[in-house]
2 protein chains.
Amino acid sequence: MGPVINDYTVEVVVENKPLARDPEGETIHRSLILKGGFEQVTGVRAGKLLRMTVRASSKDEAKGLVKKLCDDLRIYNPSAHECQVRVVEGRENRTSE
Amino acid sequence: MGPVINDYTVEVVVENKPLARDPEGETIHRSLILKGGFEQVTGVRAGKLLRMTVRASSKDEAKGLVKKLCDDLRIYNPSAHECQVRVVEGRENRTSE
């Protein structure tokens with residue numbers, strides 16, 4: 001018998017490096033959120049999310065595969081962005097469906 | 001003494017509803033990932049991520065505030081998108097820094 005193959009949900013988040021400016025997040029923060037009266041929000045960073053369904057024999061294999069494809073296919077620009085890869089277990093807390 | 005106020009990191013994910021098509025995710029899947037030889041990836045959905053720093057007296061208060069601002073400020077279009085709000089505890093697994 002071979003290994004058991006499962007579907008894993010893997011999220012990829014691409015955003016500007018922490019020390020780089022993020023004009024999109026700054027604009028959402030200043031012109032939308034603060035103007036709307038939500039001063040409790042002290043910062044906003046904007047990014048791109050890719051949610052992938054991956055067939056793999058383990059969580060680690062799924063994560064490793066996605067990290068590799070992000071690097072190999074240049075899903076992000078390593079000089080400008082950081083890329084975070086995480087395996088998620090289901091989804092929760094949607095405010096609309 | 002008043003309540004202790006902490007900083008919470010709250011992520012907002014806005015994406016097309018599950019039953020709606022997602023041309024951006026489909027294109028990334030077909031023209032980049034499958035062409036690149038990563039057939040283990042069986043689907044991709046693309047979305048927007050906003051990471052907010054919120055001052056609040058509890059995790060639930062932080063989450064409730066962000067849900068309210070997403071609705072009040074029309075951060076998403078309820079007829080086309082779903083909006084997921086989650087409080088995160090730190091960040092992990094970056095592939096570049």
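Laboratory data are not the source of any read-out in this text; all were calculated from the coordinates shown. Everything numeric in this text was worked out from a predicted model, so none of it was measured. Reconstructed Cβ throughout: ideal geometry from the backbone, glycine too, with neighbour counts over all protein chains shown.
Numbers below:
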read-out: Test item: Cα-centred dipole of the protein assembly as shown, Lys/Arg +1 and Asp/Glu -1 on Cβ, debye; value: 220 debye
read-out: Only Lys, Arg (+1) and Asp, Glu (-1) charged, at Cβ; the range B:41-81 dipole about Cα centre in debye; value: 140 debye
read-out: Label 7 Å beyond Cα on the Cβ vector: residue B:86 copy-to-copy distances, nm; value: 0.6
read-out: log₁₀ of I(q)/I(0) at q = 0.19 Å⁻¹ - the protein assembly as shown, Debye sum with one point per alpha carbon; value: -1.40
read-out: Rg/Rg_globular for chain A, with Rg_globular taken as 2.2 N^0.38 Å and Rg from C-alpha atoms; value: 1.37
read-out: Estimated dipole of chain B in Debye, rounded to 20 [Cβ of Lys and Arg +1, of Asp and Glu -1, Cα centre]; value: 120 debye
read-out: Protection proxy ranking, peptides B:76-85, A:2-11, average beta carbon neighbours within 10 Å, highest first; value: B:76-85, A:2-11
read-out: GNM flexibility winner over chain A from A:63, A:35, A:48 (Cα, springs under 10 Å); value: A:35
read-out: Alpha carbon convex hull of the range B:15-64, projected area averaged over orientations, nm²; value: 5.3 nm²
read-out: Most mobile of B:66, B:54, B:44 in a GNM of chain B (Cα contacts under 10 Å); value: B:44
